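The structure under discussion appears below in the form of structure tokens.
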Amino acid sequence: MKRKAIHAELRKESQTFDGWLKYEVTIQNPDGSVEKVPAYGRDLQDALSRVVHDEKVEKIQRKVGFVPIWGWAIAWFGYLGFISYWWQASQNTDILAGGVLSAMVILTMVMLWTKDRNVEK
């Protein structure tokens, strides 16, 4: 059995952000324990999707978090070395520009996706 929402209750409407609501969601864990979490969104579906998003982010961060910073540095410079070698072999500047630009776009997308969405509005 997976985690499932068994009860949701509207707590209040946001005074600072028009149209945002705060819910209190009761979640049942696979072991039978129950926990209450706050959920923020424009409606209940939005609030629940934000809770699920944050749980996915936490799961990924736990798996990726054990890699030390020097490991990421080695991977980054290895990637740049590969792109530089490919560029030198082909003498095509589009490879260098495209490789660095695509790496920056991917890193930006990952940083934006891993931001917590379920924060008080």
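Hull volume per residue, based on the alpha-carbon atoms of the chain and their convex hull, is 153 Å³.
For Lys56, the aspartates and glutamates whose Cα falls under 15 Å of its own Cα, not counting residues fewer than eight places away in the same chain, are Asp116. Cross-link partners of Lys12 among aspartates and glutamates, defined as those whose alpha carbon lies under 18 angstrom from its own and excluding same-chain residues fewer than eight positions apart: Glu24, Asp43, Asp46, Glu120.
The stretch between Lys56 and Met104, if pulled fully straight at 0.36 nm per residue, gains 15.0 nm over its current Cα-Cα span.
Report note on the peptides 88-94, 6-12, 42-48: ranked by the mean count of other C-beta atoms within 10 Å, highest first, their order is 42-48, 6-12, 88-94. For the pair Glu9 and Phe77, the difference between a 0.36 nm per residue extended length and the Cα-Cα distance amounts to 19.5 nm. As a calculated quantity, the FRET efficiency between Ala89 and Val64 at R0 = 35 Å, using C-beta atoms, amounts to about 0.65. Near the amide H of Trp20, within less than 5 Å, lie the amide hydrogens of Ser14, all on another chain or at least 5 residues away, with H placed in the peptide plane.
Per residue, the chain reaches -18500 deg cm²/dmol at 222 nm when only DSSP H runs of four or more residues are counted, each adding -39500 (n - 2.57).
Whole-Hz Karplus values for region 24-41 come out as 10, 10, 9, 10, 9, 7, x, 7, x, 6, 10, 9, 10, 10, x, 9, 10, x Hz, taken residue by residue from phi with 6.51 cos²θ - 1.76 cosθ + 1.60 and θ = phi - 60°; glycine and proline positions read x.
Simple rule: put +1 on each Lys or Arg Cβ and -1 on each Asp or Glu Cβ in the chain, find the dipole, and look at Phe66, Met104, Gly19; the Cα lying farthest toward the positive end is Phe66.
Working ranking of peptides 58-65, 78-85 by packing, defined as the average number of other Cβ atoms within 10 Å per residue, highest first, is 78-85, 58-65.
No lab work stands behind these numbers, since they all come straight from the coordinates. Only a predicted model underlies this, so the values are computations on that prediction, with no experimental measurement involved. All Cβ positions, glycine included, derive from the backbone under ideal geometry; neighbour counts span all protein chains shown.
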